[in-house]
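Below: the structure, in structure tokens.
We did not get these values from a lab; they are worked out from the coordinates using the rules stated. Source: prediction; values computed, not measured. Backbone-built Cβ (ideal geometry, glycine too); neighbour counts: all protein chains shown.
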Amino acid sequence: MSDATRTGPTGGGAALTPSPYPLTPSLSCAVEVQDLTKKFGDFMAVDSVTFTVEPGEIFGFLGPNGAGKTTTIRMLIGLLQPTAGEACVAGLDVRTSTEAVKQRIGYMSQLFSLYGDLTVDENITFFAGLYGVRGERLEARRAWVLRMAGLEQHHDQLTAELSLGWKQRLALGCAVLHEPPILFLDEPTSGVDPVSRRNFWELIYSLADAGTTVLVSTHYMEEAEYCHRLALMNRGRLIALDTPANVRRLMKEPLLEIVTPDGPAVAQALQGAPGVAEAAMFGRAVHVAVEDAGAAATALPAFLASRGLPVERIHTIPPSLEDVFVALVRREGGAVAG
Amino acid sequence: MRPLSRTRLWAMARKEALHIGRDKRSLAMAFAVPAAMVLLFGYVITFDINDIPTAVLDQSRTSQSRDLADAFRSAGYFRITRQLASDDEIAPLLTRGTVRMVLVIPPDFAKHLAAAEPAPVQCLVDGGDANTASIAINYAQAIVASYSAKAVLKGRTLPVPARTEARVWYNEDLKSSNMIVPGLMATIMMILSALLTSLTIAREWERGTMEQLAATPVHRLEVIFGKLLPYLGIGFVDIILVAVVGGVVFAVPFRGSALFLMVTAMLFLIGAQGLGMFISAAAKRQFLATQLAMIATMLPSLLLSGLIFDLASMPTVLQVISLVVPARYFVVALRGIFLKGVGPHVLWAQAVGMLVFAAAGLGLAVRAFRKEIA
């Protein structure tokens, strides 16, 4: 792909000038972003990102560390000023109505950020106070958060003493004390065991069912499957934006999984082998995108055997989001290299 | 500007108070340190010289020489610990510091007195501590002069053409603690306030709670004022604590208006705490912030505040620098309030100085505090 085939003002220099088509904030969108860009010195952290999020949607940012997920979220919640571009949250321009936006959103950062030396109750009271929740409403919300997080028995305990799963559910509770229409979660489940992660996502679903718009970033591929729509990010750029099913269809080539005791050597040997689009290590297996699954299933074991590499099993598999991501990143990388 | 919210301000203040209450180190620093410092400084920084260990070499061995030695003993400034037999003993005693002064009464002391001739006595003083030495010499001269007058008059009275009737105002007994303890309040509160508050914002950065805080609609003035309130409370308790310890232990008088003391203390505390928060917000790291707070407050408020060393006798450069040492104004105000019982009509300039300090401290803190994560 050459630069000429790109659409819109996405080229490096052009991205820094404000969009010629300013957004008219529309209340039908929960979040509306156009050409949002953030540069730290020479480093392009977020490069001209454009998307909209519908009310009640669970919108996922997927990508490796450093892809620009956190920076994008921080710009949307007013913690960072964008270098260029426009962003509206809850119908308000985040650059001019920063504090008003903050009253209408909830935010949970990737690191545990409640006060460990305060009890569960004291943390709830504090954040409720900052959001202006008090009196009867505070008590009702407190009861709701304690029930939701399963902390009724532990409301008097110091937060530092809670398990990580509990801490995260409490953090979520504190983020939605004021019942914000939009919730931002930046890698909310990092470091949590799979069961707690599953529980956490059930909470996210129940919030979305109640009408809350959720923007969530993750680097867990299986979590991405829970989202209604996915924004795949790499090196500050949005490389795909669709439902998980449609994103998976972006991978055109059939996929073979080769189980082998010597994965690295097999992946290495298959780079540029006849009929192979790409090969990558996935755990203990090698995933190979091929032009023709039937032909490759017989040709590849012979090809590898001739190089002295054993194959235990070879079979066709449906592409996971991770496969798609790797394929898209390769494609993107190729385009950048030009 | 967005209107400030009392709910948010109160939430911040309550949270900060909970932090302090849970942190034993902060609590100890807030209450034990000022009490300990007053006791320490009150006893240690003293210019009063009492009980100077003294040896007497009486070569005269007459009733006159014994009267003179008794005059030294009863004056209260000297404690005669040795009676020497020969002048060989003098040097080792002074060298080892066993005594600080030796009074030598020569053999012909009584004879000279009887003949109404000048009768010299010798005082050998350890000059290692120049301050103590010169005070000891002054006391010794006064004692000898008064002894001489008695010896000359021998019970008669003689009209003296002119004499000094000295009376000391405000600190009648010339007690150092009367001067040190009120002034010390300024130094302690400066160091302590800046040190305690220098932790608060840096702690939020270090623990990652700043990000959550910045994502809420809290106004930065609410953060600064909210964090300030509990420390202001601690500051007032400390002021009262120091005043009570000073009054009970050192019998320091309190002659002025408690209200005026509280008003000036509030200005001073706000300034010192604002400075601490400014350092905290700028440094973003607790260790660095406490170091900076120590450097910014400790030496200036000890040395350039007039607490220990008289500012008027310092080189002009230091006098000019001392103009920006806030403790300087509070030291004068505190001495005025405690010892002289004066109020705003005398101390208005100091009050204005502290008002400027309070405004500057708060202004710096608010400016340095950003709700942005870089």
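Along the principal axes of its C-alpha atoms, what lengths does the range A:206-338 span, in descending order and rounded to whole Å?
Ordered largest first, the range A:206-338 gives principal extents of 58, 36, 23 Å.
Looking only at B:I295, B:I337, B:I137, which one moves most when chain B is put into a Gaussian network model with springs between Cα atoms under 10 Å?
Answer for the Gaussian network model of chain B: B:I137.
Relative to the longest principal Cα axis of chain A, at what angle does helix A:164-175 sit, 0 to 90 degrees, rounded to 10?
The two axes meet at around 60 degrees.
Between helix A:120-130 and chain A, what is the angle of the helix's C-alpha long axis to the longest principal axis, kept within 0 to 90° and rounded to the nearest 10?
80
Going toward the positive end of the dipole of the range A:252-318, with +1 on Lys and Arg Cβ and -1 on Asp and Glu Cβ, which of A:Q268, A:V290, A:T316 do you reach last?
A:Q268
When averaged across all projection directions, what area in nm² does the alpha-carbon convex hull of the range A:175-282 cover?
On the way: hull surface 38.1 nm².
The orientation-averaged projected area of the Cα hull of the range A:175-282 comes to 9.5 nm².
Quick one: how many lysine pairs does the range A:3-248 have with C-alpha atoms less than 20 Å apart and a gap of 8 or more or different chains? Give me the count, please.
Details: A:K38/A:K69; A:K38/A:K102; A:K39/A:K69; A:K69/A:K102.
Close lysine pairs found across the range A:3-248: 4.
Take each of the peptides B:225-236, A:160-171, average the number of other beta-carbon atoms within 10 Å over its residues, and list them starting from the highest. All intermediate terms of the calculation are to be shown ahead of the outcome.
Numbers: B:225-236: 21.2, A:160-171: 18.9.
Highest mean packing first, the order is B:225-236, A:160-171.
Using the eigenvalues of the Cα gyration tensor, what equivalent ellipsoid semi-axes result for chain B when each is taken as the square root of five times the eigenvalue, whole Å, largest first?
Details: eigenvalues 651, 92, 51 Å².
Values for chain B, descending: 57, 21, 16 Å.
Which of A:A140, A:A67, A:A224 moves most in a GNM of chain A, Cα contacts under 10 Å?
A:A140
Report the rotationally averaged projected area of the range B:52-153 based on its alpha-carbon convex hull, in square nanometres. Walk me through the numbers on the way to the answer.
Working: hull surface 23.8 nm².
Approximately 6.0 nm², given one-decimal rounding.
Give me a comma-separated list of calculated 3J(HN,Hα) values for the range A:220-226, in order, Karplus coefficients 6.51, -1.76, 1.60 applied at θ = phi - 60°, integers in Hz, x for any Gly or Pro.
Computed from phi, the couplings for the range A:220-226 are 8, 5, 5, 6, 4, 4, 6 Hz.
About the Cα centre, and with charges only on the beta carbon of Lys, Arg (+1) and Asp, Glu (-1), how big is the dipole of the range B:15-113? Nearest 20 debye, please.
The calculation lands at about 540 debye.
Considering only the other residues whose Cβ falls under 11 Å of the Cβ of B:A368, what net charge follows from Lys and Arg at +1 and Asp and Glu at -1? Before the final figure, lay out each step's value.
On the way: positive: B:R220, B:K284, B:R367, B:R370; negative: none.
Overall, the nearby charge balance is +4.
Can you tell me what the convex hull of the Cα atoms of the range A:25-104 projects to on average, as an area in nm²? It would help to have the intermediate numbers written out before the result.
Numbers: hull surface 20.5 nm².
That works out to 5.1 nm², a quarter of the Cα hull's surface.
Show that you can apply the helix-only estimate: for chain A, add -39,500 (n - 2.57) for every DSSP H stretch of four or more residues, divide by all residues, and state [θ] at 222 nm to the nearest 500. Show your work: numbers first, answer last.
Values: 11 runs with 117 residues, N = 338.
After summing the helix terms and dividing by residue count, I get -10500 deg cm²/dmol.
So if R0 is 51 Å, what FRET efficiency would B:S74 and B:L318 give, r being the distance between their Cβ atoms, rounded to the nearest 0.05?
It comes to 0.75.
Distance in nm between label sites at B:K150 and A:R137, each 7 Å beyond Cα in the beta-carbon direction?
In this crude label model, B:K150 to A:R137 measures out at 8.7 nm.
List the lysines whose alpha-carbon lies under 17 Å from that of B:K15, not counting same-chain residues fewer than 8 positions away?
Candidates past the 8-residue exclusion: B:K24, B:K227.
Pairing the Cα long axis of helix B:326-335 with the longest principal axis of chain B, what angle in degrees results, from 0 to 90 and rounded to the nearest 10?
Its long axis makes an angle of about 50 degrees.
Can you compute the FRET efficiency between B:E206 and A:A160 using 1/(1 + (r/R0)^6), with r the Cβ-Cβ distance and R0 = 25 Å? Round to the nearest 0.05. Present the calculation step by step, with values, prior to reporting the outcome.
Details: r = 15 Å, r/R0 = 0.58.
The value I calculate is 0.95.
Go through the range A:30-43 residue by residue and turn each phi into a ³J(HN,Hα) via Karplus (6.51, -1.76, 1.60, θ = phi - 60°); whole Hz please, and just put x for glycine and proline.
Per-residue couplings from phi come out as 6, 9, 9, 10, 9, 6, 5, 9, 9, 10, 10, x, 8, 8 Hz.
Between A:H315 and A:R147, take the C-beta separation as r, use R0 = 51 Å, and let me know the FRET efficiency to the nearest 0.05. Before the final figure, lay out each step's value.
Values: r = 47 Å, r/R0 = 0.92.
Approximately 0.65, to the nearest 0.05.
Given the rule -39500 (n - 2.57) for each run of at least 4 DSSP H residues, summed and divided by the residues of chain B, what is its mean residue ellipticity at 222 nm, to the nearest 500 deg cm²/dmol? Intermediate results must be reported in sequence, preceding the final value.
Values: 15 runs with 238 residues, N = 374.
Result for chain B, helices only: -21000 deg cm²/dmol.
Where Rh denotes the Kirkwood radius from the mean inverse Cα pair distance, what is Rg over Rh for chain A? If you can, show how the numbers build up before the last one.
On the way: Rg = 22.9 Å, Rh = 22.0 Å.
A ratio of 1.04.
When a/c is below 1.5 the answer is rounded, else prolate if a/b is larger than b/c, else oblate, so apply that to the range B:264-342 with a ≥ b ≥ c taken from the square roots of the Cα gyration tensor eigenvalues.
Details: a/c = 2.86, a/b = 1.53, b/c = 1.87.
It is oblate, given that a/c is not under 1.5 and a/b is not larger than b/c.
Apply the Karplus curve 6.51 cos²θ - 1.76 cosθ + 1.60, θ = phi - 60°, to the phi angles in the range A:318-324 and return the couplings in whole Hz, x for Gly and Pro.
Once θ is set to phi - 60°, the couplings for the range A:318-324 become x, x, 7, 4, 5, 4, 4 Hz.
Between B:L39 and B:R66, 0.36 nm times their residue separation minus their Cα-Cα distance comes to what? Walk me through the numbers before you get to the answer.
On the way: separation 27, 0.36 × 27 = 9.72 nm, distance 3.93 nm.
Full-extension gain reported as 5.8 nm.
Under the rule of at least 5 residues apart or a separate chain, name every residue whose amide H is placed under 5 Å from the amide H of A:A231.
Amide H neighbours of A:A231, under 5 Å, 5+ apart: A:G60, A:F61, A:L62.
Tell me, what does the Kirkwood hydrodynamic radius of the range A:252-318 come to in angstroms if you use every pair of distinct C-alpha atoms? Display every interim value, and only then the final one.
Values: mean 1/r = 0.0882 Å⁻¹.
Computed over Cα pairs of the range A:252-318, the Kirkwood hydrodynamic radius comes out at 11.3 Å.
Taking the simple approach of a point 7 Å from Cα along Cα-to-Cβ for both B:D173 and A:E225, what is their distance in nm?
Distance between the two pseudo-spin positions: 8.6 nm.
Assuming 0.36 nm per residue, please report the length gained on full extension of the stretch B:E89 to B:E165 beyond their Cα-Cα distance.
Details: separation 76, 0.36 × 76 = 27.36 nm, distance 4.08 nm.
Gain on extension, B:E89 to B:E165, equals 23.3 nm.
Once the protein assembly as shown is represented by equal point scatterers at the alpha-carbon sites, with solvent omitted, what log10 I(q)/I(0) does the Debye formula produce at q = 0.10 Å⁻¹?
So the normalised log intensities work out to -1.03.
Quick query: amide H of A:E278 versus all other amide H atoms, modeled in the peptide plane; which residues come in under 5 Å with a sequence gap of 5 or more or a different chain?
Answer set, sorted by chain and number: A:A289.
Along the Cα→Cβ direction, 7 angstrom out, place labels at B:A28 and A:E291. What is the inter-label distance in nm?
7.6
Please find, in a Gaussian network model of chain A (springs between Cα atoms separated by less than 10 Å), the residue of A:L62, A:L111, A:L36 whose mean-square fluctuation is greatest.
A:L111
What lysines sit close enough to B:K340 to cross-link, taking a C-alpha to C-alpha distance under 27 Å and skipping anything fewer than 8 places away on the same chain?
Answer for B:K340, where 27 Å is the Cα cut-off: B:K175, listed by chain and number.
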